[in-house]
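The values are calculated or read from the model by the stated rules, or taken from the named source; none is laboratory data. These figures come from a predicted structure and were not determined experimentally. Methodologically, a virtual Cβ is constructed for each residue, glycine included, from the backbone with ideal geometry; neighbour enumeration extends over all protein chains shown. SASA here: full protein model, heavy atoms, side chains in, ligands and nucleic acids out. Shrake-Rupley method; radii C 1.70, N 1.55, O 1.52, S 1.80 Å.
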Amino acid sequence: MAPGRLVPTFTPAMLVSWLLFATVPMWIERVGLYQYLGVEILIFAIYALAYNLVLGHAGLPSFGHGAFFGIGAYAFGLAQFNLAASLWVGLAVAVLAAGLGGTLVALFISHRRGIYYALMTIAFGQVFWFIAIKAHSITGGEDGLLKIERLPVALGIVTFDLRDNTALYYFVLAVFVGVSLLLWRLVHSPFGRIVKAIKQNETRARFVGYDVWRYKAAVLIISAALSGLAGGLFSMAQTSAFPDVMSLHYSGYVVMMTLVGGGLVSFWGPVVGAVAFFLARDMIGALTTGWMLWFGLFFVALVLFKPEGIAGIFAGLATRKHKTTSAPVSNPQPQER
Amino acid sequence: MGTLLNLLPHLVNGITLGLLFALIALGFMLILGLMEQINLAHGSLFALGAYFAYAICAPRLPLPPDVLGMWAAVPLGWRFAAAVVLAPILVAPFGLVLERLMRRTYGRDPLYGLLLTFGVAMVLEELIRMVWGTRDYILPVPREMSGGFIMLDLIWSTYRFWAAALAIVAMAGVWAIVERTRFGAMVKAGAHDSEIVQALGIDLTRLRVWVFVLGTMLAAFAGVVLAPLWGIRPHMGVDAVVPAFLIIVLGGVGSFWGAAIGGLLVGMVVGLSGAYASEWSMLSMYLLLIAVVTLRARGLFGKKSVLEV
């Protein structure tokens, strides 16, 4: 996006992909898949988009994002049981709780970057995961929080029931559209520009006069809150919440999705990655038991040879004719040794 | 005095646990401190060591039945000793391949090494699942090392002390290699200033291979030693790698004594908090880490490293 030009609210490509997603329930069963898969993909697409705000846009490698997703999932269930049986209350509580968790983590780690950031987020992720397993009276421990209901969408005069997977899919799609609009706006706002500047060179951004700490904290909190929203949707889809989504494995999966899809170079990369991840799970999983073996090898190959991911491969094919410059991935930081 | 005596078993427990944590962290520390690479596959190599040891100790190897029968007739003590020596050697080739892959990430953002080894960890864990299944195994321990003894009216597990002793031996060995040999000096110099070391005519590429293999073998060794205590299961790798990196961050990147003291500290905190709230004892190490690192950004003994770029 050239500086000085106005960024549209949404791009034609976004519109096309939304419409494509909207047609999914009509043909997904005909190609041998099932409606719930679409719900899962969209929820993780929201999650990965939110995660990429931290990894791709701010360059902060969080390896503990599962915690926020999990907090959202539990908060949605707990709000339903203890507060009010309303979808909106549940989702709001999920967002708030995960945002609060993100704030707590941000207070401790926002002065860090690079590998130390990754290590500290792993530590915090483990703390939340551990609490989720051990606080049996609140979360149900390893048995999980069960019997979470898919509450109806109450819009004043009309109410939609979400117990059917297709209905749930369209509701999640609506949230997805909202989140992608919000994040697109955010990334291209002055705030997003400053975050990008911090990613490119934190020291320079500080010398220019920006309060780097505050921006890094804000990015993590927003990302955590939206991850919590995805988590809330997930516990509703699953009608239960389990601690395993908070584990290091699951935190790694969202990193894999984001990177495989091309989150480092493309806004839509994480969505591509989420689709690829779940299709690989179901399609390779149908052929062999060890689907993660093949997906893991694919991931390793991408990290080694094409860290720009699937989106990067396509972008490379498209721009090869015009220019030989591919988008820079690793921004060369000044070596202060 | 009474309370002190009550705390004694937890204290001893904490010290042995700390030594074992330090043992797990040792290989991780070598690769991180000397090569500035985060090896998240460390835990998977650790798990592989345990599985190979199981294959050696409990003979279910793909060998002709008469050979297998002869091997099974060997006393368990010898088979266990063979596992301690052979399992790390068998895991070493995995380290060689991993180092070969990681070469492409040298000099790039260390994040790529982290992502790469995370992917490799996933692959190795899945491989383990495919070969050995998801069930738990128990590594049999020779009679001379198992069981317990009574001291001060308390029952102590014998193997814990053997494991702690093996941990001390491994740590002393690594210290001697890094601090007292020409190889160690070259590796340390290479981590400090790779350009000068190469200009002096030292083959840094080969040196790095050896460091990585050494780190891999240490991971496998730790896997063998800990398998009788923690059991053998596919996700044991992740259970091990998290305390390992935690100890390194706590102790300070690139510091041998940081890793040793960090390990002991974590072990003691887990052991002592286990005296009061056994359910929550593992949480205490994360809180310790967060507290220490908040106050001392580079851990207890850390130096400025490339990771802070």
**Request:** Compute the accessible area per residue over the protein assembly as shown, keeping the other protein chains in place, probe 1.4 Å, unit Å².
**Result:** 43 Å²
**Item:** the stretch A:91-220: C-alpha gyration tensor shape, a/c 1.5 cut-off, then a/b vs b/c
**Value:** oblate
**Asked** At a Förster radius of 35 Å, what calculated FRET efficiency corresponds to the Cβ-Cβ distance of A:ILE313 and A:ASP211, to the nearest 0.05?
**Response** 0.40
**Complete:** Checked the stretch B:185-309 with the C-alpha gyration tensor, a ≥ b ≥ c its square-rooted eigenvalues, rounded below a/c of 1.5, otherwise prolate if a/b is larger than b/c and oblate if not; verdict oblate
**Request:** Could you check which residue among B:VAL85, B:VAL253, B:VAL266 shows the biggest mean-square fluctuation in a GNM of chain B with a 10 Å Cα cutoff?
**Result:** B:VAL85
**Asked** Using 7 Å Cα-to-Cβ label points, what is the B:VAL131/B:PHE149 separation (nm, one decimal)?
**Response** 3.6 nm
**Prompt:** Can you pull the mean other chain C-beta count within 10 Å for peptide A:117-126?
**Reply:** 6
**Asked** Which of the trypsin sites (Lys or Arg not before Pro) found in the stretch A:64-150 are in a DSSP loop and have at most 16 neighbouring Cβ atoms, other than their own, within 10 Å?
**Response** A:LYS147
**Calculated P(r) of chain B - Cα pairs past 32 Å, %** = 28 percent
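About the Cα centre of the stretch B:2-295, how large is the charge dipole given +1 on each Lys and Arg Cβ and -1 on each Asp and Glu Cβ? Please answer in debye to the nearest 20.
Approximately 420 debye in magnitude.
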**Request:** Anything losing 10 Å² or more of accessible area from the isolated chain to the full protein assembly: pick those residues out of the stretch A:267-297, probe 1.4 Å, ligands and DNA/RNA ignored.
**Result:** A:THR289, A:GLY290, A:MET292, A:LEU293, A:GLY296, A:LEU297
**Message:** Taking 10 °C and 1.306 mPa s as the conditions, I'd like the Stokes-Einstein D for the protein assembly as shown in µm²/s, using the Kirkwood hydrodynamic radius from alpha carbon pairs.
**Reply:** 61 µm²/s
**Prompt:** Within the accessible area of the protein assembly as shown, what % is carbon and sulfur when the probe is 1.4 Å and the other protein chains stay in place?
**Reply:** 68 percent
**Fill in**
Mean other chain Cβ within 10 Å across B:221-232 is 0
**Asked** Looking at A:PHE128, A:ILE115, A:TYR47, which one has the Cα that reaches farthest to the positive end of the dipole of chain A (charges on Cβ: Lys, Arg +1; Asp, Glu -1)?
**Response** A:ILE115
**Message:** If packing is taken as the average count of other Cβ atoms within 10 Å, what order do A:192-202, A:80-90 fall into, highest mean first?
**Reply:** A:192-202, A:80-90
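If I take R0 = 45 Å and measure r between the Cβ atoms of A:HIS111 and A:ASP143 in this structure, what FRET efficiency does the formula 1/(1 + (r/R0)^6) give, to the nearest 0.05?
0.70
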**Of A:PHE207, A:PHE176, A:PHE108, the one that fluctuates the most in a GNM where chain A has Cα springs shorter than 10 Å** = A:PHE207
**Item:** Restricting the stretch A:13-60 to chymotrypsin sites (Phe, Trp or Tyr not before Pro) in coil, as DSSP defines it, with at most 13 other Cβ within 10 Å
**Value:** A:TYR34
**Fill in**
Probe 1.4 Å, protein heavy atoms only: B and A together bury a total accessible area in Å², to the nearest 100, of 4400 Å²
**Request:** Would you work out which of A:TYR215, A:LEU87, A:GLY140 lies farthest towards the positive end of the dipole of the stretch A:31-246, given +1 charges on the beta-carbon of Lys and Arg and -1 on that of Asp and Glu, about the Cα centre?
**Result:** A:TYR215
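Roughly how compact is chain A, stated as its Cα Rg over 2.2 N^0.38 Å to two decimals?
So chain A has a normalised radius of gyration of 0.98.
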**Prompt:** Given the options A:MET120, A:MET236, A:MET256, which has the most mean-square fluctuation in a GNM of chain A, springs set between C-alpha atoms less than 10 angstrom apart?
**Reply:** A:MET120
**Message:** Which one, A:ALA225, A:PHE76, A:PRO307, is farthest towards the positive end of the dipole of chain A when Lys and Arg carry +1 and Asp and Glu -1 on their Cβ?
**Reply:** A:PRO307
**Prompt:** Over all residues in A:103-110, what is the mean tally of Cβ atoms on other chains that come within 10 Å of each residue's Cβ?
**Reply:** 1
**Request:** Using only protein heavy atoms and a 1.4 Å probe, report how much of B:TYR286 is accessible, in Å² to the nearest 10.
**Result:** 10 Å²
**Asked** With charges only on Cβ, +1 for K and R and -1 for D and E, what is the dipole size of the protein assembly as shown about its Cα centre, in debye, rounded to 20?
**Response** 1660 debye
